[in-house]
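Below is one structure, written out as structure tokens; the observations come after it.
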Amino acid sequence: MRKKTVRLGLNYILVAMVLITIATFFHAELAWLFLLSPVGETEFALIGLVVGWMFGGLGVVIAVLGMLQAPTREGEVSLRPMIIVLAAILVIFMVLFYASFMKPEEPRLRPGETITI
């Protein structure tokens, strides 16, 4: 097992998890920050998910290739911190996922709609 290659794959997986978390739970805030329309917000979320899935798939392939390669003499490469960070991001995603079911989303007004009181 080549730990440097596995660590590179884990880094790609970490980037994927962060992108998917941002695209899933914070797309509205980023759309407001970048002044995107509702269509732009949807496209931003979809692009974030697709790019996250691509990074995740690439990370899995690189990590598996690193595990299958013959070991080499390399310096001390520790995978423990990366695995702890991945677990923390996964816990954050699960907490946000659970919280999304507990708080109902407010209905948004579309352009041209009015509120009847």
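The values are calculated or read from the model by the stated rules, or taken from the named source; none is laboratory data. Not measured: the values here are computed from a predicted model. Quick reminder, even Gly has a Cβ in these numbers, built from the backbone with ideal geometry, and neighbours come from all protein chains shown. Areas reflect the complete protein model, heavy atoms only, side chains present, ligands, DNA and RNA absent. Shrake-Rupley method; radii C 1.70, N 1.55, O 1.52, S 1.80 Å.
A 1.4 Å probe run over the chain, with the rest of the protein chains in place, finds 77 Å² accessible per residue. Cα axis of helix 3-25 to longest principal axis of the chain: angle in degrees, 0 to 90, nearest 10? Roughly 10 degrees, rounded to the nearest 10. Between SER37 and TYR98, the modelled labels are 4.0 nm apart [label points 7 Å from Cα along Cα→Cβ]. Label-to-label distance for VAL60 and LEU90 is 1.3 nm, based on points extended 7 Å past Cα in the beta-carbon direction. Heavy-atom surface analysis with a 1.4 Å probe gives the chain a carbon and sulfur content of 72 percent of its accessible area. Over the chain, DSSP H runs of length four or greater, each weighted -39,500 (n - 2.57), average out per residue to a 222 nm ellipticity of -25000 deg cm²/dmol. The distance separating the Cα centre of region 32-48 from that of region 99-117 comes to 17 Å. Principal-axis analysis of the Cα atoms of the chain puts helix 80-102 at an angle of about 20° to the longest axis.
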